[in-house]
Amino acid sequence: MKQKLIKTKNAYICLSLITLAAATLALLISNGSLFQVFFFMDPDDTGMDFFNSIVETATRRPYEQYGVLYPPLANLFFYILTLFIPNDIKAGWPDSHDGVKFMVGNREDLRLMQSSMMLFLIFLIITLFIMAKMIHARTGSYLLTFCLVFSAGTLAAIERGNVILLAFILTFYFVEHYKDENRLTSELALLALAAAFGFKLYPCIFGLLLIKDRKWAAAGRCILYAVLLTVLPTLVFEGPKAISLWLETVFGFGGFSTDTTSTSGLTTASEGAKLSSVPFSWILAAVLGVLLLIIFLVRKNGNPLLQLHNSQILFLIAYLSLLIGGGAGGYNLLFFIIPFLSFLSETDKLNYRNCIEFLLYLVCLLPVGINEFNVCFFMVYIIGVLIRNSNGTAQAF
């Protein structure tokens, strides 16, 4: 008698809905106290990636005056939003980062202001609508789209009010269209990846796909677009010195941190300094980066030495971007949606060959995701790759 196998998509949907129901029940029983376990540890700081950025770009001196970490393009986005805030509100804003932190919970808190709160809600509605539209266009399933929009990474990004939502949309567009035969569409895909870099930096790792396909001219244009989208916005702020000020902040902050145990996917300046003597994630990132370059560049008889499925390449790139991004989990889990959609198209039904990879996707994409990654996660995934590819069906894409 032939054994019946569970459809991969249905298994994820069922487990996602069960997890969402269980998390809702747990929040209800705890009277909401578990929110700060599921999300950022400071319950008073919700949405402040968004609101703080509005305040700190209003004077057009985000790097010199506030020591902002965001790249110039992201700051330009927030500066445009400040133009929708009444001048009488902006007049009372503090002139230092420490002063901005003291706005939380006070009458100056932007979450209490009509104009800023409406901007936040509109930002979330538009980004989530576009994200859902893109996922549905790929899957054709409203229920699957709902589950992925309620995955841990998306919920964490919403709670923080982080522009990673924009970076994800742009990166997803790039992955879907960079090989499009329509020249305009493929060029817009390059521009989208450059813009994703301009918002969050580490999505640029997905540019390795251009190297894999030996699209050298396209890679060069993408780098040019990224440079322009980084330099041109500085004309609105401190000018050419904004780049050096921003880079000093990035490296001083520990933005490329070695933290692999952060419960929020974020690191602080002190954590970055403290962990700099234990650069394990940097070593893992370097090893993974070299491995990907070998896979992409070294060929035998015109074929890659190592054959991998589409989803496996995308997973390793997403994991590398997570390591470089300094986030152990949290909203960085968003980028695992991209390889997961490819995984679903490759594996219609679950079996012993693909179950390990599926379980690791669950770790990343259920409504309550993991916030701690270590070498074991990476090694388990490699084992799953070897098992799934043992029948010789993998194809480099």
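The values are calculated or read from the model by the stated rules, or taken from the named source; none is laboratory data. Owing to the predicted nature of the structure, the values given are computational and were not obtained by experimental measurement. Glycine also receives a Cβ, built like all others from the backbone with ideal geometry; neighbour counts cover every protein chain displayed. Accessible surface is based on the protein model in full, side chains and every heavy atom, while ligands, DNA and RNA are left aside. Shrake-Rupley method; radii C 1.70, N 1.55, O 1.52, S 1.80 Å.
So that you can scan it fast, the table gives a plain yes or no per residue for (1) part of a loop (DSSP other than H, G, I, E, B); (2) of a type outside the set (V, I, T); (3) over 17 Å from S151 (Cβ atoms):
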| position | (1), (2), (3) |
| --- | --- |
| Y12 | no, yes, no |
| L20 | no, yes, no |
| T24 | no, no, no |
| F51 | no, yes, yes |
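For every residue, the table says whether it meets (1) over 25 Å from G161 (Cβ atoms); (2) touching a helix residue (DSSP H, G or I) at 6+ places or on another chain (Cβ under 7 Å); (3) at pLDDT 90 or above.
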{"residue": "F315", "(1), (2), (3)": "yes, yes, yes"}
{"residue": "S342", "(1), (2), (3)": "yes, yes, yes"}
{"residue": "D348", "(1), (2), (3)": "yes, yes, no"}
{"residue": "N371", "(1), (2), (3)": "no, yes, no"}
{"residue": "V375", "(1), (2), (3)": "yes, yes, no"}
{"residue": "V385", "(1), (2), (3)": "yes, yes, no"}
{"residue": "N391", "(1), (2), (3)": "yes, no, no"}
{"residue": "F397", "(1), (2), (3)": "yes, yes, no"}
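From the list I125, I135, which residue is in a helix (DSSP H, G or I), of a type in the set (A, V, I, L, M) and within 17 Å of C364 (Cβ to Cβ)?
Working: I125 fails: within 17 Å of C364 (Cβ to Cβ).
Sole residue among the options that is in a helix (DSSP H, G or I), of a type in the set (A, V, I, L, M) and within 17 Å of C364 (Cβ to Cβ): I135.
Rundown of residues vs (1) buried (at least 17 other Cβ atoms within 10 Å of the Cβ); (2) among the small types (G, A, S); (3) closer than 17 Å to A157 by Cβ, yes/no style:
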| site | (1), (2), (3) |
| --- | --- |
| A26 | no, yes, no |
| G32 | no, yes, no |
| F35 | no, no, yes |
| S53 | yes, yes, yes |
| Y63 | yes, no, no |
| G67 | yes, yes, no |
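List every residue pair whose Cβ atoms lie under 7 Å apart, where the two residues are 6 or more positions apart in sequence or sit on different chains, the first residue falls within the range 116-140 and is free of Cβ contacts under 8 Å to residues at least 40 places away in the same chain, and the second residue, located anywhere, is surrounded by fewer than 16 Cβ atoms within 10 Å (Cβ to Cβ).
So the pair list comes out as H136/Y142.
Which ones in the range 138-177 are assigned to a loop (DSSP other than H, G, I, E, B), touching a Lys or Arg at 6+ places or on another chain (Cβ under 8 Å) and open to solvent by 10 Å² or more (accessible area, probe 1.4 Å)?
Filtering the range 138-177 for residues assigned to a loop (DSSP other than H, G, I, E, B) gives 140-141, 150-151, 161-163.
Narrowing the set further to residues that are touching a Lys or Arg at 6+ places or on another chain (Cβ under 8 Å) leaves 141, 163.
If the condition is that a residue be assigned to a loop (DSSP other than H, G, I, E, B), touching a Lys or Arg at 6+ places or on another chain (Cβ under 8 Å) and open to solvent by 10 Å² or more (accessible area, probe 1.4 Å), then S141 is the only one that fits.
Quick one: V68 ticks every box in (1) touching a residue at least 24 places away in the same chain (Cβ under 8 Å); (2) in a helix (DSSP H, G or I); (3) under 22 Å from the mean Cα position of the chain (by Cα) bar one, so which box is it?
V68 satisfies all of (1) touching a residue at least 24 places away in the same chain (Cβ under 8 Å); (2) in a helix (DSSP H, G or I); (3) under 22 Å from the mean Cα position of the chain (by Cα) except (2).
For the range 185-204, which residues satisfy the criterion of being part of a helix (DSSP H, G or I), within 24 Å of G161 (Cα to Cα) and not charged (D, E, K, R)?
Initially, the range 185-204 is screened for residues part of a helix (DSSP H, G or I), giving 185-200, 202-204.
After this cut, where a residue has to be within 24 Å of G161 (Cα to Cα) as well, the list is 191-200, 202-204.
Across the range 185-204, the qualifying residues are L191, A192, L193, A194, A195, A196, F197, G198, F199, Y202, P203, C204.
For the range 186-203, what are the residues that are without any contact (Cβ under 8 Å) to a residue 40 or more places away in the chain and either open to solvent by 30 Å² or more (accessible area, probe 1.4 Å) or of a type in the set (A, V, I, L, M) (or both)?
Step one: filter the range 186-203 for residues without any contact (Cβ under 8 Å) to a residue 40 or more places away in the chain, giving 186-194, 196.
Of everything in the range 186-203, those that are without any contact (Cβ under 8 Å) to a residue 40 or more places away in the chain and either open to solvent by 30 Å² or more (accessible area, probe 1.4 Å) or of a type in the set (A, V, I, L, M) (or both) turn out to be E187, L188, A189, L190, L191, A192, L193, A194, A196.
Is one or more of the residues making up the range 353-363 within 23 Å of the chain's Cα centre (by Cα), loosely packed, with under 15 Cβ neighbours inside 10 Å and either at pLDDT 90 or above or assigned to a helix (DSSP H, G or I) (or both)?
Looking for residues that are within 23 Å of the chain's Cα centre (by Cα), loosely packed, with under 15 Cβ neighbours inside 10 Å and either at pLDDT 90 or above or assigned to a helix (DSSP H, G or I) (or both), one finds at least one in the range 353-363, hence yes.
Go through the range 93-115 residue by residue and tally those that are of a type outside the set (A, V, I, L, M, F, W, C), open to solvent by 50 Å² or more (accessible area, probe 1.4 Å) and assigned to a loop (DSSP other than H, G, I, E, B).
First pass over the range 93-115, keeping only residues of a type outside the set (A, V, I, L, M, F, W, C): 94-99, 101, 105-109, 111, 114-115.
Now narrow it down to the ones that are open to solvent by 50 Å² or more (accessible area, probe 1.4 Å): 95, 97-98, 101, 105-108, 111, 114.
Within this subset, residues satisfying the condition of being assigned to a loop (DSSP other than H, G, I, E, B) are 95, 105-108.
Selection size over the range 93-115: 5.
Consider F84 against the criteria (1) closer than 30 Å to L322 by Cα; (2) of a type outside the set (A, V, I, L, M); (3) in contact with a helix residue (DSSP H, G or I) (Cβ under 9 Å, 6 or more places away or on another chain); (4) at pLDDT 85 or above: it satisfies all of them except one. Which criterion is unmet?
(1)
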